[in-house]
Amino acid sequence: MNNQMSDPLLDYDSAHPGDAPEARLTSRISVPEIARRLGIGRLAVYSMLEQGIMPGIRLGRRWIITRHAYEQWECTCGVRNSAGLHTRPEVTVLN
């Protein structure tokens, strides 16, 4: 009897064989690749994932980070709209 859990993303790939193979291969980004891009260690990336600083989904002991979500995060320097940062308006309108 095989009690191992299947990988939902691999299951998706096998259930959608018409998708381009290149898209399936690059849909996720690895922790080592993120570490290289940011110039930090893998443990720092895991820490950022644990703290919710970087987008990712934890499945058991594994982290799943989609390339799209990571690149969006990277483009905005990790700033989220709901990060509790209050910005001042550039112009104050008086009536």
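The values are calculated or read from the model by the stated rules, or taken from the named source; none is laboratory data. Being a predicted model, the structure only gives us computed values, none of them experimental. Counting neighbours? That spans all protein chains shown, and the Cβs are built from the backbone with ideal geometry, glycine included.
Hey, among the residues in the stretch 34-48 that are of a type in the set (D, E, K, R) and either in contact with a helix residue (DSSP H, G or I) (Cβ under 9 Å, 6 or more places away or on another chain) or in contact (Cβ under 8 Å) with a residue 40 or more places away in the chain (or both), which one's farthest from ARG58 (Cα to Cα)?
First, pick out the residues of the stretch 34-48 that are of a type in the set (D, E, K, R): 36-37, 42.
If we keep only those that are either in contact with a helix residue (DSSP H, G or I) (Cβ under 9 Å, 6 or more places away or on another chain) or in contact (Cβ under 8 Å) with a residue 40 or more places away in the chain (or both) too, we end up with 37, 42.
On the way: ARG37: 21, ARG42: 16 Å.
Per the stated criteria, the residue is ARG37.
State which residue is nearest to TRP73 (Cα to Cα) when the search covers only the stretch 10-58 and only residues that are surrounded by 12 or more Cβ atoms within 10 Å (Cβ to Cβ) and modelled with pLDDT under 50.
Among them, the one singled out is ARG24.
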